[in-house]
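The values are calculated or read from the model by the stated rules, or taken from the named source; none is laboratory data. The shown structure was predicted, so the numbers you read here are calculated from the model rather than taken from an experiment. FYI the Cβ positions are ideal-geometry reconstructions off the backbone, even for glycines, and counts take in every protein chain you see.
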Amino acid sequence: MNLVVVREVSCKSALSRCGIEGIDYSVNPYIGCEHGCIYCYARYMRYYSGHRETWGDFIDVKINAPLVLSRELYRKPRGRVILSTVTDPYQPLERRYQLTRSCLKRLLHHDFPVSVMTKSSLILRDIDLLTRFTSCEVGMTVITDDDGLRSFLEPKASPIDERLDALRRLADRGIVTYAFVGPIIPSLNDGEEDLRRLIRRLIDVGVDYLMFDRLNTRYGVVDRLSGFLERRFPHLLKEFMKKIKLGDYYYRKIKYRVSKIMAEYDVPYEFCF
């Protein structure tokens, strides 16, 4: 595995308008992400940031982001802020730089509602801040309960058991939590029994709702996944490509499959597709 190139950079703005429904702003304290998820759609950010390194091999640390954010919060109308949309705010470097924690302190001071999205149990470090917000929700991405598969797909993200434990502990402290089951990847995590087992475990830890999403096939994602399958699970490659070609038809079947499972529980859920 390549060494990650870390650069400390300055930003001119930290609070961006966000087009996600129900979200007004986004804060991305880092450019790039160490988690190295093979299915990541945010790899397109590499081209906008002028990096030659492949996605996952570089991190730009916006060292002044908390200070810039503090200034912007005085000028912006109050609205819901998500951390983050094109990076993971609790990737491993956050232990060292604590930019996400510093940004949360600024947001708390101005009483902006927050939504946090991560794959990391490091979020528990900031539970002292999260519990003080007037409005706060935390989403944890969990696409499988097979940690062996997770280690291939999300090599530097937290183990599944750690994520489930984090969701449980956050829920126990009264924080609204949800599980983000996305992407559902053809032939890897789309089996009915696999989904049923995962959903049961997520509901058991007390999430308030679940969200499901399809695979974003742009930005070379299909090529990376097919290459991965060819190396690791060659017997699945043909089926994977067949489902990819089916497109919307395949994902309509997935919606039906998930809805049938969720009908067994009194827990809200929604699809992002």
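What the table shows:
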{"read-out": "Unique residue being in a loop (DSSP other than H, G, I, E, B), out of contact with any helix residue (DSSP H, G or I) (no Cβ under 6 Å at 6 or more places or on another chain), of a type outside the set (D, E, K, R) and closer than 19 Å to residue 137 by Cα when the list is 206, 174", "value": "174"}
{"read-out": "Every pair of residues 6+ apart whose Cβ atoms lie under 7 Å, when the first sits in the stretch 128-145 and is closer than 20 Å to residue 211 by Cβ while the second is modelled with pLDDT under 95 and among the acidic types (Asp, Glu)", "value": "none"}
{"read-out": "Search result, residues across the stretch 75-89 that are of a type outside the set (S, T, N, Q) and under 24 Å from residue 61 (Cβ atoms)", "value": "76, 81, 82, 83, 86, 88, 89"}
{"read-out": "Restricting the stretch 221-273 to residues that are hydroxyl-bearing (Ser, Thr, Tyr) and not in a helix (DSSP H, G or I), the residue that is surrounded by the fewest Cβ atoms within 10 Å (Cβ to Cβ)", "value": "265"}
{"read-out": "Pick from the stretch 114-128, criterion within 20 Å of the chain's Cα centre (by Cα) and in a helix (DSSP H, G or I), ranking: surrounded by the most Cβ atoms within 10 Å (Cβ to Cβ)", "value": "123"}
{"read-out": "Any chance residue 255 is without any contact (Cβ under 8 Å) to a residue 60 or more places away in the chain and under 22 Å from the mean Cα position of the chain (by Cα)", "value": "yes"}
{"read-out": "Test: residue in the stretch 137-148 that is surrounded by fewer than 22 Cβ atoms within 10 Å (Cβ to Cβ), more than 28 Å from residue 245 (Cβ to Cβ) and over 17 Å from the mean Cα position of the chain (by Cα)", "value": "no"}
{"read-out": "Selected residue [touching a residue at least 40 places away in the same chain (Cβ under 8 Å), closer than 30 Å to residue 127 by Cα and among the aliphatic types (A, V, I, L, M)] from 198, 236", "value": "198"}
